[in-house]
Every structure is written in C-alpha cells, then in structure tokens.
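S.K.: Before anything else, here's the structure in question.
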Amino acid sequence: QVQLVESGGGLVQPGGSLRLSCAASGSIFGVATMGWYRQAPGKQRESVATITSGGSTNYADTVKGRFTISRDNAKNTVYLQMNSLKPEDTAVYYCNARFIMINAWGQGTQVTVSS
C-alpha cells in the first residue's frame with residue numbers, strides 16, 4: 001500500500017510561486033513513477049507533470065517552462081515548483097504514484113491564483 005499526503009497549496013497572486021510537496025509512505029517510492037495532476041471546477045483531471053524512477057520528466061504544454069517536478073528518494077517526497085502562476089492554474093492538485101498494478105492518489109491540495 002502507498003499513502004500520499006500533499007501540502008503547500010494556497011492562495012497566490014498572478015505571477016507568484018508555490019511549491020507543492022507530496023510525502024509518500026510505503027516501500028515502492030523509489031521505483032514508482034510519480035506525478036502531479038490537477039482538476040479545475042467543471043473540468044476533467046489532467047496530467048501536469050510526471051517523473052520516473054530514473055528522473056525522466058514530462059510536462060503538460062500549458063506548464064512547460066513554468067513548473068518543475070523533482071523527487072527526493074531519500075525523503076520519499078516529490079515536489080512541484082510552480083512559478084509565473086496564472087489564474088488558469090487554479091485547481092485542486094493531486095499527487096499520484098504508479099508502479100505495476102499500484103495506482104495511488106493523494107487527497108489533493110487547493111491552489112488558487114487570484115488577485
């Protein structure tokens with residue numbers, strides 16, 4: 001079993017920055033592909049960024065150049081550094097861990113970008 005706990009969300013002005021963290025319990029963190037997803041009101045959940053166990057990353061076109069995903073395997077934690085935030089980045093952000101048959105989700109953290 002994997003449990004994921006996100007933190008770091010909040011209210012930020014356009015152009016500002018936030019860093020989300022996702023702490024994982026369980027023994028698979030080092031081999032799992034970790035990802036951040038988001039869901040805005042009335043919209044489907046979408047992938048924001050993923051990082052493999054080997055450190056390869058992938059980003060949605062809408063966040064390329066502004067967001068950075070990273071992981072610290074010693075701390076079982078994955079991060080999402082979000083810069084130059086826009087109102088359209090407002091959503092609940094979810095952490096995800098995938099490994100073979102495991103597909104685990106955190107409870108989500110709200111990010112609101114507004115002046």
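S.K.: Could you list, in sequence order, the residues of the range 20-49 that are free of Cβ contacts under 8 Å to residues at least 40 places away in the same chain, part of a strand (DSSP E or B) and open to solvent by 20 Å² or more (accessible area, probe 1.4 Å)?
M.R.: GLU46, SER47
S.K.: I'm trying to understand the selection: among the residues of the range 71-86, which are farther than 17 Å from VAL2 by Cβ, touching a Phe, Trp or Tyr at 6+ places or on another chain (Cβ under 8 Å) and open to solvent by 50 Å² or more (accessible area, probe 1.4 Å)?
M.R.: Matches in the range 71-86: GLN81, ASN83.
S.K.: Continuing with this model, one more query. State all residues of the range 88-115 that are free of Cβ contacts under 8 Å to residues at least 60 places away in the same chain, surrounded by 21 or more Cβ atoms within 10 Å (Cβ to Cβ) and assigned to a strand (DSSP E or B); if no residue qualifies, say none.
M.R.: ALA91
S.K.: Take the range 66-87 and flag every residue that is of a type in the set (Gly, Ala, Ser), touching a residue at least 12 places away in the same chain (Cβ under 8 Å) and out of contact with any strand residue (DSSP E or B) (no Cβ under 6 Å at 6 or more places or on another chain).
M.R.: SER84
S.K.: Please go through (1) open to solvent by less than 40 Å² (accessible area, probe 1.4 Å); (2) outside any strand (DSSP E or B); (3) acidic (Asp, Glu) for ASP61 and return the number of the only condition it doesn't satisfy.
M.R.: The one condition ASP61 does not meet is (1).
The values are calculated or read from the model by the stated rules, or taken from the named source; none is laboratory data. These numbers come from a predicted model, not from an experiment. As a convention, Cβ positions derive from the backbone with ideal geometry for all residues, glycine included, and neighbour counts pool all protein chains shown. The protein model used for the area step is the full one, side chains on, heavy atoms only, and it has no ligands, DNA or RNA in it. Shrake-Rupley method; radii C 1.70, N 1.55, O 1.52, S 1.80 Å.
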